[in-house]
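The structure appears below as structure tokens.
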Amino acid sequence: MLIWSRWGILLLPVVGLGISIGVIVGAITDAVTGASVGGSLFLGVGLVLGGVFVWLFDRYALPHLDRPRQQLVLQPLAQPYVHPNGVRQTHQQVPLVDQRTGQPVWVRPTSSLFFVPVRYWPYVVAGIGLVVTISSAVRLLVG
């Protein structure tokens with residue numbers, strides 16, 4: 001079973017980039033201060049940053065990758081056609097036309113991950129990041 005469609009699988013490396021940046025910043029902070037600030041705090045910051053990266057990916061990259069395309073259907077040929085290489089063709093692709101308007105039908109493909117459209121993932125990832133960041137900050141402040 002596929003858990004993504006079209007470009008949804010690219011969310012994993014995009015979020016991974018944000019998490020990596022957060023973890024690297026946390027390691028640098030620990031090295032500079034000499035004390036452990038808390039890895040989960042920077043993991044949460046990385047998740048928020050990953051949410052920003054996913055939003056940028058959805059806003060700027062996906063419109064170019066998921067362009068609308070004309071819907072095609074197979075139409076049977078009156079007589080089969082045999083190509084010079086011996087392949088027999090019995091159908092041809094033709095544009096689908098709306099019966100009411102006479103205009104061609106265009107479809108816009110959508111990308112998803114775990115059956116959730118990409119446009120919702122920035123809020124999910126950033127929300128998880130905020131929860132992790134706030135809970136880590138409270139844990140650091142309390143004790």
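FYI, it's all coordinate maths here, none of it is from the lab. None of these values were measured; they are calculated from a predicted model.
Say we join alpha carbon atoms closer than 10 Å with springs in a Gaussian network model of the chain; which of R88, R69, R59 then has the biggest fluctuation? Looking only at R88, R69, R59, the biggest GNM fluctuation is shown by R88. For the chain, averaging the sequence separation of C-alpha pairs within contact (under 8 Å, six or more residues apart) and dividing by the residue count gives a relative contact order of 35 percent. The alpha-carbon positions of the chain define a convex hull whose volume is 188 Å³ per residue. Considering only G22, G46, G86, the Gaussian network model of the chain with Cα springs below 10 Å gives its largest mean-square fluctuation to G86.
Build a GNM of the chain with springs between Cα atoms under 10 Å: which of V132, V94, V54 gets the top mean-square fluctuation? Result: V94 has the largest fluctuation of those listed. Two tests apply to each whole DSSP H helix in the chain, Cα reach of 27 Å or more along its axis and mean Kyte-Doolittle hydropathy of at least 1.0, and the ones passing both are 11-33, 121-142.
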